[in-house]
1. What does the highest-first list of 158-171, 94-107 look like by mean Cβ count within 10 Å?
2. Using the Cα atoms of the chain, I'd like the radius of gyration and the largest Cα-Cα distance, Dmax, both in angstrom.
3. For the chain, what is the charge dipole size about the Cα centre, in debye to the nearest 20, if Lys and Arg each add +1 at the Cβ and Asp and Glu each add -1 at the Cβ?
4. In terms of the ratio Rg/(2.2 N^0.38 Å) built on C-alpha atoms, what value belongs to the stretch 38-162?
5. By a straight-distance test (C-alpha under 29 Å), which lysines pair with K160 as possible cross-link partners, with residues fewer than eight away in the same chain excluded?
6. Report, to one decimal in Å, the Kirkwood hydrodynamic radius for the stretch 136-253 based on all distinct Cα pairs.
7. Under 8 Å for C-alpha pairs, at least 6 residues apart: give me the relative contact order for the chain, rounded to a whole percent.
Amino acid sequence: MTDEIRELTDAYFAWLKDKTSLRQIEEWTEITTPFLDRHNDYIQLFARKMNQGFQLTDDRYTLEDLEQSGCHLDSPKRQQLLRSTLNGFGVQLQDMALTVHASADNFALRKHNLIQAILAVNDLFYLASPMVTSLFWEDVGTWFDRCDIRFTPHVKFNGKSGYDHLYDFVIPKSRTQPERIIKAINHPNRINMERLAFSWQDTRYVRHTDSRAYAFLNDTEQTIPSVIVEAFQHYDIKPVPWSQRELVRNELAA
């Protein structure tokens with residue numbers, strides 16, 4: 001099992017390097033990544049040399065795209081969510097641009113964090129729907145409280161690769177159950193599945209040997225493809241459709 005996971009991780013890094021392209025634009029270098037936004041367009045970053053290292057930015061694209069799509073992040077609740085999301089990845093907000101500063105030593109880590117922040121903020125697009133009355137991760141947290149499930153929200157773990165990974169909830173080890181690490185996924189698709197799969201494979205071996213990963217999947221207004229469910233299971237992540245959450249109540253509350 002370990003050898004298979006190592007091969008998959010090596011293949012992931014090879015894919016990441018092979019599918020990344022660079023283009024010089026005056027003082028900036030345009031970095032086209034293999035990660036897709038909600039339009040299925042490749043996410044692009046821009047980097048330039050600074051006196052104390054490098055600056056990386058999305059050039060305001062992420063938030064301006066959300067605004068143009070009708071998702072206005074101007075309410076206090078949405079502003080709080082935005083800043084909480086960015087803070088979790090160490091990303092700064094400068095005049096609507098998502099920005100990080102990096103040195104030569106941590107450039108790869110800072111670039112990774114910026115991409116993860118862009119993908120997370122992209123998912124806020126679903127807040128624009130009039131059908132969304134609350135945030136999915138809030139629904140999960142509220143259900144945990146109602147079920148007397150003890151948890152710590154927004155926990156960041158450092159992975160084997162050196163990259164940081166942010167999880168929505170961690171339920172501590174008990175006498176009968178191991179540590180349980182949980183991600184709430186509002187829009188279960190291939191991109192979000194692959195993000196969590198990589199995060200889990202990168203962090204599981206630096207956590208307790210019996211730690212478990214769960215993916216809570218919002219199926220309130222969408223049917224989750226069986227291939228997504230099977231993929232989570234393949235990476236040893238337990239998929240929990242929101243409509244079936246009661247099936248895991250006892251093992252999470254224990």
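1. 158-171, 94-107
2. Final numbers for Rg and Dmax: 18.5, 60 Å.
3. On the way: 29 positive and 35 negative charges, 153 e Å.
Charge dipole of the chain: 740 debye, to the nearest 20.
4. Details: Rg = 16.2 Å, N = 125, 2.2 N^0.38 = 13.8 Å.
Relative to the rule-of-thumb radius for its length, the stretch 38-162 sits at 1.18.
5. Within reach: K17, K19, K49, K111, K173, K183, K238.
6. Working: mean 1/r = 0.0696 Å⁻¹.
Roughly 14.4 Å, rounded to one decimal.
7. 12
Any read-out appearing in this document is the output of simple, stated calculations on the displayed coordinates, not a laboratory observation. Treat the numbers as computed from the prediction; the structure is a model and nothing was measured. Every residue, glycine as well, gets a Cβ built from its backbone with ideal geometry; the counts of neighbours run over all protein chains shown.
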